[in-house]
Amino acid sequence: MSGIVIVESSSTLSHLLQRTLSASKQSADKVLVSYAEASQVIAAVEAGQAKYRVLILGAPQRAQPEFEAILETLGKGAAASLAVLVLTHEKTPLLSDWLARRRNAFLLLWSNFGRIPAALKQLLPPEIERAEPGGVAIVAVERPATAPPLKVLFVDDSQSVRFAYRQLLENNGFVVDTAASIQEGFAKGQSGAYDLAILDYYLPDGSGDELTRKFVESPTTQHMPIAIITGSYKDAIIKKCLEAGAMECMFKNEVLELTLVRIKALARTIQTQKSIEADRQRLGGILRSVGDGVYGVDGQGVITFVNPAAIRLLNFLDEEDLIGKTAHSLFHFAAEDGEPVSSSESALSKAYANGQELNGHETVFWTRLGQPLPVECTVLSLAISGRREGTVVVFRNISERKSADRLRWELQHDQLTGLANRRHLIQSLTQELERRRERGGYSALLYIDIDRFHAIVENSGQQAADRVLADVGQLLSQRLRQDDLVARLEDDHFAMVLSNVQLENLFTIADGLRELLKDARYLMYGRPAMVSGSVGVAILSGDAPSGEYVLEHARLACQDAKRRGRDQTQIYVAGADARIARELDAGWIVRLKDALHEDRFVLLMQPILPMPVLRDVDEAALRNQAWRLLQHTGGEALFEVLIRMINRDGQIVSPSVFVPLAERVGMMPKIDLWVIGRALKFLAALDADSRVGLTINLSNATLQDADSMKLIDNLIAGSGVSAERVIFEVTETSEIGSLHTARRFIQSLRKQGVRFALDDFGTGFSSISHLKHLPVDFVKIEGSFVADLGESARDRTMVASMVALAHALDLKVIAEHVGSAHTLKWVAESGADYGQGHYLGEPLKVEDIDFRLLRLPKAAAA
C-alpha cells in the first residue's frame, strides 16, 4: 500500500493526479470525489481503524464550509499527524493561515502540478524497500557498529610457533587458522575465507616465497594480503619474498609486541581496503537497483561510469558503448526538435566543465536508435577529499509526465493559436472576479471579432485564414501584462482579460488593441490586405455574478460595435451597473469638457477627389499631395473635416475612442458645434473666389437636439459663408432615432443651401428607408464594401447596385476607403462620382494644404 488518498471533485483533475503519481511509480489507495467521503476517511484515521501516510486534497475554487471543516479537523487529534498536500488554483488567506499553523503540510498551485512527486518526497520519510526490476529503489544502508574480526591463515612447520602466534593473535581479536606446509596452507587458502596470510619462509615442502606465488597466481587468493615471517635477515630472502608478492616481512626473533604492532598495522590497512570495497559494492548495488539512470563524467564530459538503468533507458547494449566517450556526442547533442546543439551551448556540458549543479533540469536525450527521450536531470559535482573529480548526473524518463502535461495543456488551450480556450478563460474570469471581490477595483473583458472573416476564408482560403488567426493571437499576446489573459473562443472570436484597469483609460486601451489588429496582414490574390476587428468591452467588478455573465455582455457590446459599422470599439454597461456607469461617464465628461475648454481638439482635412481627375493618374502624383489634383478640376474642391483630441501629454486620441463615449454622455452636440464653428471660421477666412467645400459629420444626438439645430442655423447665418459650401454627413449606421425630426432639420438647412450626405450607406437594414425619407444630396458607400472590391465579386455587384440606385435618385456617390490602385479602378468602373481614402490622400493639418491654389478660374470669378 502506498498510503496515499486523493480527494478531488473534478474528474479531469483527479485523472491528472493519478497519471502524475503513476509517472513517478506511485499510486493512490483511495480516490475520493467529495469532502464528505474525506471526512469519513479522516474519522477512521482518528479512530485507529485506518492508516494512511498522506492526504492529497484538492481545494475548491470558491469557499465551501465542508472544505473549511476538513481543514479544522486536520489540525487536531490523530489527524494532525497525517501529511497533507493541498492543491489549489489560487493561494487564499484561509489556506495561508492554515499552513502557518500546521506542521507536515504543503501547498501547490495546479499550474505547478508537475512538482507533486517532489512535494510528496519532501512530506514522506523514505522507506526501506527492496529494489524491483526497472523501478526506483529507496535503499537504507546500515553499517555494522563494529567491523568483524579479521581471519588470519598462519602457516609454519613448528607446532609450538603455530600455538604461540595463534594465542597471541586470538587474544588481540583475530580469528586464526593454521597450516604446517605449503600443500596444507594452499588448500586452506582456496576456501577464500581469509583476510591475511602469514607464512614462514622455511617450510618442509618449499619456501614461503613459493607459496606466496601460488596464492598470487590463484584467482581465489590473488588479492589476499600476505606477510612473511622468518628468522633470517638475509636481504636475498627478503627481496625474493617481496618480489613474489608479499606486503611485509617480519622476524621471529623480534619481541612479540613489535610483531603484533606490525600485524595490527597490516590489519588497519586491510580493514580500510575492505571498507572501501564494501562501500564500492554498496554503491554499485544502489546504482544497479535504482530505476533512474546514473552516469559520471570528468571535466571534459567523458563518461567514467554508468549504471544499468542508464544503459537501458538510452537503449545501449553495454557500458563499454558509453564509457570513455563524451556524453554530449552520444546522447545530448540536439534539442527536442532535432536541431543540433553545440557543446558550448549545452547546459549539461557547461555544468561538466564548471562544476555547476542543476536541479530539475529538463532536456532531451537521444537514444542509440535515434529516438528523443524527455528526461529530468539532477547534476551534482563529485568531490573527493575536497577536490573536484568530475560530475554525477541522475536522470529519469519523464515521458509519461510530459504526456500528462500535454493532456492538461490541450484541455486548457486552443490548438491552432496556442492561446487559452473558452474553458481556461471562464476559469480565469472566475478567479479575476474573486480578486475584485476581495480587493475592489475593476478589470475588463474584451470580446474581439475579426471583421468580414468569412470573406478572408472565401477569397484567400482556409490556410490563409488560419494564419490570420495565429497572427492576431500573437499580436494580442504582445500586449499582455502579468495578470492578463488572451484566449481564442471559437472561429474568429478572441477574448482578453485586462486585470485591474482604470475606467478612464479603458476605452483608450481597448481601442488601441483594435488598432493593433491592423498590423496583421494576409494575401488576397497576391496582394497584401489589412485585418480589422470590432471590440466589445465588459467591465468586471465584484458585483458581477459569474464569468459567463461578463462574457455575454462583452459579446453584446461587440455586436453593437459591428452594427455601428465594424472596426469600432463599444463598452457595455448594464442598467443595473449604475455605479460603474457613473464612474465611467464622469471621467470622460471631465476629459471632454476640459478638451473643449482648453481648445485641445484639432481639425484635419482629407480630400474627396472627383473621378475624372483620377483617370490615368500615377501613384507618384498621389503620393506627392493628391489634393493638388483639385487645381485642375475647375469645379468644387471637397474636403472632409476630421477631428482629433489631444491629451494633455500630447498624445493624439482617435475619434473612434472618444466619439462613442461622447455620444453616451451627451457631449456630442457640444463637440459637433465646436467643429461646425471652427469649420465655418476656416471657410470665412478663405478668399472670396475659393472653390473649397467641406463635409462635416453630425451625430445622431445632434440631429435629435432642437437647441443644437437652432444654434447650427444661427452659426451658418452669422458666418458670412455661403451655405452651399457646407455638406453635413449623417451616418446611416447611427440608427437615426426620429426620421421626422431629422427630416425637418435637413429641410430647414437645405432652404439656406446646405447640402447633406448619407454616410456609411449599405451597412444597416434601413438604408433604403433613409434614402426615401431623408432629402440628401450625396451617398457615401460604406468603406468595407469598397475595400474588398478588387477581390469580392459579390461586393462589386452590391456597390454597382448601390451606385445605380443613387444615380436613379439623382444623388452623387462618394466611395470611401479607396486603399489601392486596384480598388480605384473598380470604383471608377462601378460608376462612383468621387473617391476618398488613404490611397487618394491622408488626412492633413489645415496648414499643410495651400488652399490659395483652389480658386475659381478668373473668368468664372468675374
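Checking the condition out of contact with any Lys or Arg (no Cβ under 6 Å at 6 or more places or on another chain) and open to solvent by less than 10 Å² (accessible area, probe 1.4 Å), which residue from 840, 853, 824 passes?
It is 840.
Let me confirm something: among 727, 716, which residue is touching a helix residue (DSSP H, G or I) at 6+ places or on another chain (Cβ under 7 Å) and either within 18 Å of residue 756 (Cβ to Cβ) or assigned to a helix (DSSP H, G or I) (or both)?
Of 727, 716, the one residue that is touching a helix residue (DSSP H, G or I) at 6+ places or on another chain (Cβ under 7 Å) and either within 18 Å of residue 756 (Cβ to Cβ) or assigned to a helix (DSSP H, G or I) (or both) is 716.
Go over the candidates 711, 715, 673, 686 one by one and state the one that is farther than 30 Å from residue 508 by Cβ, of a type outside the set (Gly, Ala, Ser), surrounded by fewer than 21 Cβ atoms within 10 Å (Cβ to Cβ) and without any contact (Cβ under 8 Å) to a residue 60 or more places away in the chain.
715
Quick check: anything in segment 56-75 of a type outside the set (Ser, Thr, Tyr), open to solvent by 60 Å² or more (accessible area, probe 1.4 Å), out of contact with any Ser or Thr (no Cβ under 6 Å at 6 or more places or on another chain) and under 30 Å from residue 292 (Cα atoms)?
For segment 56-75, residues of a type outside the set (Ser, Thr, Tyr), open to solvent by 60 Å² or more (accessible area, probe 1.4 Å), out of contact with any Ser or Thr (no Cβ under 6 Å at 6 or more places or on another chain) and under 30 Å from residue 292 (Cα atoms): absent.
Considering each residue of segment 11-33, count those that are among the hydroxyl-bearing types (Ser, Thr, Tyr) and open to solvent by 40 Å² or more (accessible area, probe 1.4 Å), and give that number.
Here the count works out to 4.
Considering only segment 486-540, state which residues are part of a strand (DSSP E or B) and either of a type in the set (Phe, Trp, Tyr) or surrounded by fewer than 15 Cβ atoms within 10 Å (Cβ to Cβ) (or both).
490, 494, 521, 522, 523, 527, 528, 530
I'd like the residue in segment 605-637 that is out of contact with any helix residue (DSSP H, G or I) (no Cβ under 8 Å at 6 or more places or on another chain) and hydrophobic (A, V, I, L, M, F, W, C) and, out of all such residues, is surrounded by the most Cβ atoms within 10 Å (Cβ to Cβ).
608
From 419, 369, 373, which residue is in contact with a Gly (Cβ under 8 Å, 6 or more places away or on another chain) and among the hydrophobic types (A, V, I, L, M, F, W, C)?
Only one candidate qualifies: 419.
Of all residues in segment 487-528, how many are polar (S, T, N, Q) and at pLDDT 85 or above?
3
Within segment 103-127, restricting attention to residues that are at pLDDT 75 or above and basic (Lys, Arg), which residue is least open to solvent (accessible area, probe 1.4 Å)?
Restricting attention to segment 103-127, the residues satisfying the condition of being at pLDDT 75 or above are 104-121, 123.
Narrowing the set further to residues that are basic (Lys, Arg) leaves 115, 121.
Values: 115: 144, 121: 163 Å².
Only one residue fits best here, namely 115.
Of the conditions (1) within 30 Å of residue 292 (Cβ to Cβ); (2) open to solvent by 20 Å² or more (accessible area, probe 1.4 Å); (3) modelled with pLDDT of 75 or more, residue 84 fails just one. Which one is it?
Going through the list (1) within 30 Å of residue 292 (Cβ to Cβ); (2) open to solvent by 20 Å² or more (accessible area, probe 1.4 Å); (3) modelled with pLDDT of 75 or more, residue 84 breaks only (2).
Where the second residue is open to solvent by 10 Å² or more (accessible area, probe 1.4 Å) and among the charged types (D, E, K, R) and the first is closer than 7 Å to residue 175 by Cα and in contact (Cβ under 8 Å) with a residue 40 or more places away in the chain and lies in segment 149-161, which pairs have Cβ atoms under 8 Å and are six or more apart or on separate chains?
150/195; 151/177; 151/195; 152/177; 152/195
Return the residues of segment 658-670 that are farther than 20 Å from residue 713 by Cα and touching a residue at least 60 places away in the same chain (Cβ under 8 Å); say none if nothing qualifies.
If the condition is that a residue be farther than 20 Å from residue 713 by Cα and touching a residue at least 60 places away in the same chain (Cβ under 8 Å), then 658, 660, 661, 662, 664, 665 are the ones that fit.
Which count do you get for residues in segment 293-307 that are buried (at least 19 other Cβ atoms within 10 Å of the Cβ) and out of contact with any Ser or Thr (no Cβ under 7 Å at 6 or more places or on another chain)?
Count: 6.
How many residues does segment 239-262 contain that are part of a helix (DSSP H, G or I) and open to solvent by 40 Å² or more (accessible area, probe 1.4 Å)?
Looking only at that region, the number is 9.
Yes/no per residue for (1) modelled with pLDDT of 85 or more; (2) in a helix (DSSP H, G or I); (3) more than 21 Å from residue 460 (Cα to Cα):
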| site | (1), (2), (3) |
| --- | --- |
| 794 | no, yes, no |
| 800 | yes, yes, yes |
| 813 | yes, no, yes |
| 847 | yes, yes, yes |
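When both residues are 6+ apart or on different chains and their Cβ atoms are under 6 Å apart, which pairs have a first residue that lies in segment 312-325 and is in a loop (DSSP other than H, G, I, E, B), and a second that is open to solvent by 50 Å² or more (accessible area, probe 1.4 Å)?
Note: pairs meeting the criteria are 315/368; 315/369; 316/368.
Could you tell me how many of the residues in segment 163-198 are more than 24 Å from residue 272 (Cα to Cα) and modelled with pLDDT of 90 or more?
If we filter segment 163-198 for residues that are more than 24 Å from residue 272 (Cα to Cα), which is where we start, we get 163-164, 167, 178-188.
Keeping just the survivors that are modelled with pLDDT of 90 or more gives 178-188.
Qualifying residue count for the region: 11.
Could you go through segment 395-406 and let me know if any residue there is open to solvent by less than 40 Å² (accessible area, probe 1.4 Å) and at pLDDT 90 or above.
Yes, some residue in segment 395-406 is open to solvent by less than 40 Å² (accessible area, probe 1.4 Å) and at pLDDT 90 or above.
Only one residue in 492, 543, 511, 519 is farther than 26 Å from residue 416 by Cα, among the charged types (D, E, K, R) and touching a residue at least 12 places away in the same chain (Cβ under 8 Å). Which one?
543
Looking at segment 154-187, which of its residues are assigned to a helix (DSSP H, G or I), open to solvent by 60 Å² or more (accessible area, probe 1.4 Å) and not acidic (Asp, Glu)?
159, 160, 163, 166, 167, 171, 183, 187
How many of the residues making up segment 750-783 are aliphatic (A, V, I, L, M), farther than 25 Å from residue 713 by Cα, at pLDDT 70 or above and part of a helix (DSSP H, G or I)?
The qualifying residues number 0.
Restricting to segment 367-386, name every residue that is among the hydrophobic types (A, V, I, L, M, F, W, C) and open to solvent by 30 Å² or more (accessible area, probe 1.4 Å). Quick ask: steps written out before the conclusion?
From segment 367-386, those among the hydrophobic types (A, V, I, L, M, F, W, C) are 369, 373, 375, 377, 379-380, 382-384; that's our starting set.
Selection gives 369, 380, 382, 383, 384.
Quick check on my filter: what residues within segment 50-79 are closer than 25 Å to residue 27 by Cα and either without any contact (Cβ under 8 Å) to a residue 24 or more places away in the chain or charged (D, E, K, R) (or both)?
50, 51, 53, listed by residue number.
The values are calculated or read from the model by the stated rules, or taken from the named source; none is laboratory data. Computed from a predicted structure; not experimentally measured. Glycine gets a Cβ as well: all are built from the backbone with ideal geometry, and neighbour counts include every protein chain shown. Keep in mind that these areas ignore ligands, DNA and RNA; they rest on the heavy atoms of the full protein, side chains included. Shrake-Rupley method; radii C 1.70, N 1.55, O 1.52, S 1.80 Å.
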